[in-house]
Structures are given as C-alpha cells and as structure tokens.
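Report on the following structure.
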Amino acid sequence: MMAGDFTPDRRTVLKLAAAGSTAALLPAIGHAAGISSALIKAAKHEGGLNTIALPPDWANYGEIISTFEKKYGIPIKNAAPDDTSAEELQSIRSMRGQSRGPDVVDVGLSFALVGARQGLFKPYKVSTWSTIPASMKDPAGLWYGDYFGLISFGVNMSVAKTAPQSWADLKKPAYKGMVALNGSPLGAGAAFAGVFAAALANGGSLDNIMPGIEFFADLAKRGNFDPSAATSASLVSGQTPVVINWDYLNLAQAKKSKAMTKIDTIISADAKPYGAFYCQAISKFAPHPKAAELWQEFIYSDEGQLLYLKGFAHPARFSAMAKAGAIPASLMAELPPAKPYGEALFATIEQTKKAQAALTENWSKMVKA
Amino acid sequence: MSPEAIPPAGRIARSGGWFTIAFMAPFLLYVTAFLILPTLMLLATAFLGKHGLTLHYVRSLGEGQTVVAFRNSIELSAMAAFVGIVVGGLTAYFVLLPGMPRGLRSLVTTFGAVAANFAGVPLAFAFIATLGSLGIITVWLKLIGINLYGSGFTLYSLPGLVLVYAYFQIPLMVIVITPALEALRREWREAAENLGASAWDYWRHVGLPILLPSLLSAYILLFGNAFSAYATPYALTSGIVALVPVAISNVLSGNVMVSQQTGAALALGMIGVMVVVMGIYALIARRVGRWVKR
C-alpha cells in the first residue's frame, strides 16, 4: 500500500518545466486562503510553539522557522536541533503535561508508526490534505509525510569527466575505483537506501534487495566499488568521485562547493528511484495545540512547501504543486528533472526489516573488494 | 625489570595511611564511574529484554555473521600486534645501538609519538590516497610495471588493514619497548661474551628472557589497541570486512537497525576476548616471573 499510489499522471509531470515558468510570473496563490483567521488568532493567543530536532541547515528548517515567526509573530522554541527521531518520541513521553514539551515532531517513517501505535500523536488534517500522496500519510491523520529524498549519484565532474546516467553506467571501466557509499549499509541510512535503489534497477523489488547486493558485489569485482566511507569532503576533493547518497545532500553540497569544483547530481534513468520521507505529527500532549495546527497549515501551504524545496528537500505536495504550476522556474532549474520524483518507491517497515536481514547475512560475505 | 632491592609497595602504603587514601580515592572513584559501572550496565543491558531476563542477545553472538566478525577482529588484532612487536621492537633496538647518530633517537621517538596517535578517518584517507586502487603509489608502481591490485593485493581486506594498523602499531611499540631495551645492561652482554656466548646465545639465554615480560605486555597493549580500533576500518572498508567494533556501531548509533542490547552483547564478547588474552598473559607472566625472581 505504501508504494502504490504515489504516481501522478506522468504527462503532467513532464510538462513541469513549462508550467513552472508561468508560475514564476504569478505569485503562488493556491492555499494561503486555506488558513482560517480563527486558527491564526487562537494560535497567537497561545503565544508560542515548541519544535524539536530541526537542524537549521537541514531541509532549510532555519528559514522555515524564521519565516513562520515573522509571518505570525509566534516565537518558536526549537529544542535539541540534533536529536534523533527516537529522542523526539522520548521527549513527548517524558515531558508530558509540561509547558516545554514538544508541540510538533519531524520523525522518520518507522518512528511515526511507533508514535501512532503508542498513542503519542493527535490526528489533524491540513487544508491541503488531499494533495499529499496517499502513500505518504496515515489515513486517520496521525502523521503525514512532509518532505522526501531520492537516492542519487553525486559526481565530481573534474575527476569523473562524464557523469554516469544509470546504474548500468557505474559498471563501465571509466569509473574504476570511483563509486562509493556514505558508509556501511548496515549502519548508514543512505548507504542502505543505495543498495535498495540498486536492487530496484537490477531486477529486484522492495521485497527483494538481493539483486542490489549482487550489483555491488559485481561492482567490487570489477574494481569500480571503492569501499571507503565517502564524506562530503571526499566527494569535493575527488577521492570518492561518485557518491551514492540522498539527492538533497548531494545538491546542497554542490551548491556549497560551487567555487571549488563542479558536482552533478544524477537520478538514475534506468529504474524507479528509491526514496524515503520524514513525517510531521502533532503531539497528543502539545502545550500549544492551536499553534501546532497553524505550523502544520503553514508548512503544508505552497509557501512552506517551497521553502523545503529551496533546501533541496522535495516536499510531499511536490507533484501536485508542479502540476498546478506553483513552483517557480528559477527553483526548478536548480533541481534534477522532475519526472523521477513522481515515481519514487518507498519501502514499508516489513520490507525494510526483510532487507536488513538479507544485508546482515550477505553484505560482507558477497562484496569483496 | 631488574630484580633489585625495591622496598615492597605494601610497606609504603601502610606507612601512608590516610595520605594514600586521599590520593587513591579519586582514582578509585574514576575507575568506578568510568569502568566498573559501565561494565555492569553493559551486563544488565545485554541480559535484559522487553520482558525481563533473556539470553536472546547473548545467544545471538553465536550467529554466523557475528562469529565471522569476532574471528576477523581477533585475527586482525593478532597479526597487527605481531607486526608491531617485530618491526617496532627491531626498530627500537637498532636506534638504540651505540654507534647510531645522536639525532636519530629523538627523531624516531618524536615521530613515533605523533604517528602512534595518527589514526581514524585521516589515516584511512591517507592510505586510500597512497595505496588505494587509484592511489599515488599504486599508480607509480603501475607505471614501472607492477600491478598491485592485479596481483591480488587490496587495501580493503584483512591484510590491507594490517598494513594500515601497522602505521600506528609500530611507533607505539617503539615508544613502549624503548625503556625496556635501555634497561638491558651492556655489562650483561659483555659478561656473556667473556664466557664465550655468541650473539644468538646471549639473546636466547639472557636478552630475550629478561625482555619477555615487557614484550608480553606490549603485545597485550598492541592487541587491545588494534582490537578496539573503529574509525579507521570503518572509513576504509565501510563494513565489507566484518569487525566487532563496526558491528557495535551499526546497532548502537547506526540508523538502519538499532538494537542497544545486541550492541551490549557484542561489547561483552569483546570484554570476554580481552579477559582470555589477559588470562593467557597472566599465566605466562607468572612462569616468567619465577625465572626473574631466581
């Protein structure tokens, strides 16, 4: 059910670029009207909002927070910017009934499911609810995906010369010793997703990660796989010229190191891309419940969603907004082509667990550099 | 080292009374807080499941991949310690030879102190840049007709890791063994030679037996040093060579499959290995100790 219906009409997605240029001329109208003045008033009356674990340089949260504060005059207390999803849920539990407990959380899918099961969330459906893909939200409104990323190739063009366009390209002799993951797929999330993505491109599925492991085993045998753990520094310096990582990280790195080297971000053309998303939810024990609702309305409005996109994280309503021409052409130009973003596959918890077991069993046994 | 008349430690301790306690208490507190309590916590975590006591996590140590990780870790540490002992020991010996230039010794100790602490991600990337499949030395060797990777060598394997570990093991050995070598008195050697001993006889019957306890402790130190190394092998192989410290980080701080209990069980396994190694050491040291006392 997760993977099924996040596939908007392909033709409309293809028309994106053209649509985008019209949108640049017209200010995004869309959903600003969806936020009722009664909600804004009630939220202002509560006088504050507690967020947690939102790093300012991640998915553009710094700007999202400051824009919200300025727009509604509601100060945000963002606790523990570098906390993990598990710690966010723990804060809901342990600060229950306290005025400093978190109002809203931003957690990985598996943790959203845990939170929903343990009754930590309060259901809410934003006014733009219908345009969030069904695979990215809880039908009851307990949690809802806010942004997602796809596995991509970050390519240091001064070393690699031509960028690989597909998983099959990575096997070419030209990329000998160049292809790297950001760590062990048994520990690093993006590396795990990278193997999953390779599986999708080589006859595997969300239920079968083995072809992905075989792909890397073959890559290693050809000498193309560099088993060292890539970092943004090793990508920029060219020690690991082709890094398989989340698109938003590769894109952000490319922008940051523009002056030093040219980094291209490629989403493989030969398979459905593998994606993962984060989820928003309102705490059941939110000390500022109305401000929390306003926060959700804001980040799911066109304005909020475009702020995510500015940080290279594709917002949940990306496809719908692209269809409606609500994405400025200048922003589209900085992103990879829109098509794969409408085709992303997301693994369920069961599929993830199955893949982990297969990886644990086979990764170090099969991949020999 | 030499069995000279040092007053037994006990007498000093007794004479000091509260003075000793004042100095020992912070240390004992420190050991309790940072060694004993965490170990007890590990023990508790490894045996506590969702529903009370369980052997589930400790039993998982017997699973295929975990056994491989332990075997790899032990092999790697044993080899890396051996290389360190032999190369480091010989280096220290030659540097201390009477005829060596004066500056050499301080040069080697200074470099050793720096290199022994050069580990982790920078070390891994230094080796990738030199001996990786596209490294400078690899490419140079190819230019003169030697194909390293074609002949079966790879940095991303157990032998490759031994080579990388040697970079910090050898200097560490030089540092720890130098004082022991200095304690070998020249008179002993001269005495042996006067009695007609060859160089081999001297080392076989005098030098090595005296050095043995120091060599053994050095081996333990180097073994433990390699056994616990984490950042270097992770940055170098991202898990394709299964090692226990990497496995622990996967389940403890990874974001793919988190299981604190499995991590605790693995850590207990590591403690177990170290206990066995030190047990063997204690046995040998006691035998050696008998010899020294005589």
task: Describe numerically, in nm with one decimal, the distance between label points set 7 Å from Cα along Cα→Cβ at B:Val87 and at B:His56.
output: 4.5 nm
query: How far apart, in nm, are two points set 7 Å out from the Cα along the Cα-to-Cβ line at B:Ile146 and at B:Phe19?
result: 6.1 nm
- line: Other residues with Cβ under 12 Å from the Cβ of A:Thr128 give, with Lys and Arg +1 and Asp and Glu -1, a net charge of -1
- request: Per residue of A:226-236, count partner chain C-beta atoms within 10 Å of its C-beta, then hand back the mean as an integer.
  value: 5
- prompt: What is the dipole size for chain A, taken about its Cα centre, with +1 at each Lys and Arg Cβ and -1 at each Asp and Glu Cβ, in debye to the nearest 20?
  reply: 240 debye
query: region A:309-369 to region B:174-231: how many Å between their Cα centroids?
result: 59 Å
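Dipole of the protein assembly as shown, Cα-centred, from +1 at each Lys and Arg C-beta and -1 at each Asp and Glu C-beta, to the nearest 20 debye? Walk me through the numbers on the way to the answer.
Numbers: 53 positive and 38 negative charges, 165 e Å.
It comes to approximately 800 debye.
Note the per residue figure in Å³ for the convex hull of the C-alpha positions in the protein assembly as shown. Don't jump to the answer; show the numbers that get you there.
On the way: hull volume 141.7 nm³, N = 663.
Value for the protein assembly as shown: 214 Å³ per residue.
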query: Given charges of +1 on the Cβ of Lys and Arg and -1 on the Cβ of Asp and Glu, with all other atoms neutral, how large is the dipole of region B:24-156 about its Cα centre, in debye to the nearest 20?
result: 120 debye
message: Using Cβ counts within 10 Å as a stand-in for footprinting exposure, how do B:Met274, A:Met321 rank, fewest first?
response: B:Met274, A:Met321
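Of all beta bridges DSSP finds with both residues in the protein assembly as shown, what is the antiparallel percent, to the nearest 5?
Details: 28 of 38 bridges.
Antiparallel bridges make up about 75 percent of those DSSP assigns within the protein assembly as shown.
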task: Step through the residues of region A:125-141 one at a time and calculate ³J(HN,Hα) from phi using the Karplus curve (6.51 cos²θ - 1.76 cosθ + 1.60, θ = phi - 60°), rounding each to whole Hz and writing x for Gly and Pro.
output: 10, 5, 5, 9, 3, 5, 8, 7, x, 4, 6, 10, 8, 7, x, 7, x
Sequence-distant aspartates and glutamates (8 or more away, or on other chains) whose Cα lies within less than 16 Å of A:Lys221: A:Asp169
- prompt: Where the Cα atoms of chain A are projected onto their three principal axes, how long is each span, largest first, in whole Å?
  reply: 64, 47, 37
- prompt: Can you list the lysines whose alpha carbon is less than 18 Å from that of A:Lys255, not counting same-chain residues fewer than 8 positions off?
  reply: A:Lys310
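For B:Trp203 and A:Ala80, what does the FRET efficiency come to when R0 = 51 Å and r is the distance between their Cβ atoms, rounded to the nearest 0.05? Intermediate values should be presented prior to the final figure.
On the way: r = 61 Å, r/R0 = 1.19.
FRET efficiency, B:Trp203 to A:Ala80: 0.25.
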message: For a quick check: with amide H placed at 1.01 Å from N, whose amide H comes under 5 Å from A:Met178's, ignoring anything fewer than 5 positions away on the same chain?
response: A:Asp226
message: Taking the number of other C-beta atoms within 10 Å as the exposure measure, put B:Leu43, B:Leu184, A:Leu170 in order starting with the fewest.
response: B:Leu43, B:Leu184, A:Leu170
statement: Residue by residue through region B:184-195, the couplings from Karplus 6.51 cos²θ - 1.76 cosθ + 1.60 with θ = phi - 60°, in Hz, x for Gly and Pro, are 5, 7, 5, 4, 4, 5, 4, 4, 4, 5, 4, 7
statement: Most exposed to least, judged by fewest other Cβ atoms within 10 Å, B:His51, B:His56 sort to B:His51, B:His56
query: Once Lys and Arg get +1 and Asp and Glu get -1 on their Cβ, which of B:Tyr167, B:Ser133, B:Thr154 lies farthest toward the positive end of the dipole of region B:24-168?
result: B:Tyr167
Straight-distance crosslink candidates among aspartates and glutamates, where the alpha carbon sits under 19 Å from A:Lys353 and sequence neighbours closer than 8 are dropped: A:Asp207, A:Glu214, A:Glu361, B:Glu63
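Calculate, for B:Phe34 and A:Ser130, the FRET efficiency according to 1/(1 + (r/R0)^6) with r their C-beta to C-beta distance and R0 41 Å; round to the nearest 0.05. Can you show the working numbers first?
Details: r = 56 Å, r/R0 = 1.36.
Once rounded, the FRET efficiency stands at 0.15.
Quick note: the coordinates plus some simple rules give every number you see, no bench work behind them. For clarity, every value in this text was computed on a predicted model and none was experimentally measured. Neighbour counts run over all protein chains shown; Cβ positions are idealised from the backbone, glycine included.
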